[in-house]
Amino acid sequence: MEILLKDITLLLDPHKGVEPKQVSLVIEDDRIIDISSNANLPSPEFVIEGRALIALPPALNSHTHLPMTLLRGYSDNKVLYEWLADIWAIEGKFDAKWIELGTKLACLEAIKAGTGGAFDFYFQETVIGRVLEQAGLRGWLGAGLLPSAFVDQGGLESQLKDFEQLVLDVESSSLLNAAIAPHSQTTVEEEYLLQSKDLAAKHDIPISIHASETRKEVLDCEEKHGVPPVERLDQIGFFQEGTKEVIAHCAWITQREVEILGKHEAMVAWCPTSAQKLAYGGVTPIPELRKAGATVALGTDGTASNNTLDLFREMREAVNMVSFARWDPAIYPAEEVLEDTHWTFRRYFHPESLIKVGNKADLVVMDFHTPHLQPIHNVVSNLVYAANGSDVHSLIVDGQILMQDRQVLSLDEEKIIDEIEGKIPKLISD
């Protein structure tokens, strides 16, 4: 595939002080082959051009549960454990067909919001991976381990079998990566946490886990083990040299735990909209984590608790939440939250897809020729404080155009929405 992005404004990492510049950009097959003012192709298959188009790396969602799109709006205005009871009851009905349908809807939503991939955390990730590959999105497929979940589908034994199959399935994929994801130290026995850690090391893959979402979780862990969750994970040797750990939420962590995460160079995937909606009460200490050397990346969580996969909305929630909690509008500036959404995850897991000649071609193109993104005094400010997923013009991943001028090319949008409208009433009523 040959693609020409003509006379667009290219945004390289703003946190490093690189100013936007107008260029043309040429993609052949899966690579960027030229970025310059006079870059051109004689007869490209696709041309992207227009007034006020801004290109940057697509966001990568650091923590989500893709099939849970099927439960958007199903249970709202409840605290975490009440909400989980509702969600887990209906998730027990999810078989491979429901998981496939929910993932299709999630991929469609992600593409239309300009997201180029996700670190998913669910079950039957072999099914989810097939849909992501069809959609053209990158995926870090966190195979969930939770003994109490999906018991009718085989429980933990089935989950471990799915994980082993997943590792084999992604070996030849340019888009997919295997990962393992024990649910939390509260819900998964230490034996299985250590087994998960060993599997991550054996297969040289990342591991993800939920930690310190709520004050109750922290208090329960302290009562049982004498220390809070992240410190408990450190005690049992969960963090290990050579393995990349993604710790989700961390809304109630201590300074000692911040230092542990920094020492191990772990990634903290935080989800501010979900945290506010489920009323966690705590705020992930983003400035301290960044200072300690941990990697901070933005996620949406699942749509049952967000209720969207729009990372542009999430950026606005993130920066405002931290500023409000700290009484300081400069403590987490727009440049940093943009970096944590569009650059940080990619540097941590897939630096070969940063925008650079010779690298894999991943780009999102934003259309600023619209009332709420004018005037353009500051591109970064507009992206963080004013833009929405609906302002995405085009999305390119691995050299393939997944959406051009708001038309999704890799999935059948109408067919997916019709299927959702036709089948979801049966899921709820059965």
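The values are calculated or read from the model by the stated rules, or taken from the named source; none is laboratory data. These numbers were taken from a predicted model, which means no experiment stands behind them. Cβ: placed from backbone, ideal geometry, glycine included. Neighbour counts: every protein chain shown.
Please go through (1) part of a helix (DSSP H, G or I); (2) under 20 Å from Thr295 (Cα atoms); (3) of a type in the set (A, V, I, L, M, F, W, C) for Ala179 and return the number of the only condition it doesn't satisfy.
The failed condition is (1).
Just checking, which of Ala110, Ala89, Ala96, Ala85 is under 29 Å from Glu339 (Cβ atoms) and either surrounded by 24 or more Cβ atoms within 10 Å (Cβ to Cβ) or of a type in the set (Gly, Ala, Ser) (or both)?
Unique residue meeting the criteria: Ala110.
In the list Ser37, Ser24, which residue meets the criterion of being polar (S, T, N, Q), at negative phi, over 24 Å from the mean Cα position of the chain (by Cα) and crowded, with 18+ Cβ neighbours inside 10 Å?
Details: Ser37 fails: crowded, with 18+ Cβ neighbours inside 10 Å.
None of the other options fit; the residue is Ser24.
Only one of these is surrounded by fewer than 24 Cβ atoms within 10 Å (Cβ to Cβ), assigned to a loop (DSSP other than H, G, I, E, B) and charged (D, E, K, R): Glu164, Glu191, Glu171. Name it.
Of the residues listed, the single one that is surrounded by fewer than 24 Cβ atoms within 10 Å (Cβ to Cβ), assigned to a loop (DSSP other than H, G, I, E, B) and charged (D, E, K, R) is Glu171.
Could you pull out every one of the strands (runs of 3 or more DSSP E) wholly within segment 27-103 that has 1 or more residues that are touching a residue at least 60 places away in the same chain (Cβ under 8 Å) and among the aromatic types (Phe, Trp, Tyr)? Spell out the reasoning first.
Values: elements: 31-36, 46-48, 53-56, 59-64.
Passing ranges, in order: 46-48.
Quick one: would you say Ser394 is of a type in the set (Ser, Thr, Tyr) and either in contact with a Gly (Cβ under 9 Å, 6 or more places away or on another chain) or part of a strand (DSSP E or B) (or both)?
Criteria met by Ser394.
Checking the structure you have, find out if any residue of segment 371-384 is touching a residue at least 12 places away in the same chain (Cβ under 8 Å), touching a helix residue (DSSP H, G or I) at 6+ places or on another chain (Cβ under 7 Å) and over 14 Å from Leu11 (Cβ atoms).
no
Can you tell me which of (1) in the same structural domain as Thr64 (by TED's automatic domain parsing); (2) buried (at least 21 other Cβ atoms within 10 Å of the Cβ) is the one Leu363 doesn't meet?
Of everything listed in (1) in the same structural domain as Thr64 (by TED's automatic domain parsing); (2) buried (at least 21 other Cβ atoms within 10 Å of the Cβ), Leu363 misses just condition (1).
From the list Ala201, Ala211, which one is in contact with a helix residue (DSSP H, G or I) (Cβ under 7 Å, 6 or more places away or on another chain) and not aromatic (Phe, Trp, Tyr)?
Ala211
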